[in-house]
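Everything below concerns the one structure shown next.
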Amino acid sequence: MLQEVVARSTGHELGEYKHCAGSLHLYEEHREQAEKYLKEGWQPTTIVMPAMPNADPWGSVEVLRRVEGEIRNGKDVDIRAASLDPYWGDLVRLLKAWRAWNDKNKRELVAIKDEMHSEVYKMFIQPRIDRLPT
């Protein structure tokens, strides 16, 4: 995403991204978190994520940054009031899905999934819905 922000900001095409890690330590204090992550299963690598709009992203990044803090602090955020492009609106919805998951609010999580503009994100939300009690 950072690569896309830079490309959009400079008017360049998105290039190829390569990542190399020299150290991947796992400490005992983080073992439980790592095990929870691994239990989520492998995500397909063939899925094409939605492309960031070609417009200058910084106004939307600022809105996303602001609402992220509000969502983390439990505030209800009205996505329509933010007047965001559907791409950015889906990112806000993902943050709201995180909040609903942490709050164990299945009804809200279902509503958020149904509001997603891009179908791609639904596959990440549905397993969490399935894990919450009715």
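FYI, it's all coordinate maths here, none of it is from the lab. These numbers come from a predicted model, not from an experiment. All Cβ positions, even for glycine, are placed from backbone atoms using ideal geometry, and neighbour counts span all protein chains on display.
Structure summary
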| quantity | calculated |
| --- | --- |
| ARG93, ARG131 arranged by Cβ crowding within 10 Å, fewest neighbours leading | ARG131, ARG93 |
| Lys/Arg +1, Asp/Glu -1 at C-beta; the chain dipole; positive extreme among VAL67, ALA51, LEU38 | LEU38 |
| Fewest-first ranking of ASP103, ASP78, using other Cβ atoms within 10 Å as the exposure measure | ASP78, ASP103 |
| Translational D in µm²/s for the chain (Stokes-Einstein at 10 °C, 1.306 mPa s, Kirkwood Rh from C-alpha pairs) | 93 µm²/s |
| Net charge dipole size for the chain [Lys, Arg +1 and Asp, Glu -1 on Cβ; Debye, nearest 20] | 420 debye |
| When the convex hull of its Cα atoms is projected in every direction, mean area for segment 60-113 (nm²) | 3.3 nm² |
| Assigned charges on the beta-carbon of Lys, Arg, Asp, Glu; segment 3-42 dipole about Cα centre (debye) | 80 debye |
| Filter on LYS18/LYS122; LYS18/LYS113; LYS39/LYS106 - keep pairs with C-alpha separation over 24 Å | LYS18/LYS122; LYS18/LYS113 |
| Helical contribution to [θ] at 222 nm, DSSP H n ≥ 4, -39,500 (n - 2.57), averaged over the chain, rounded to 500 | -16500 deg cm²/dmol |
| Hull volume in cubic angstrom per residue (convex hull over the Cα atoms of segment 5-50) | 147 Å³ |
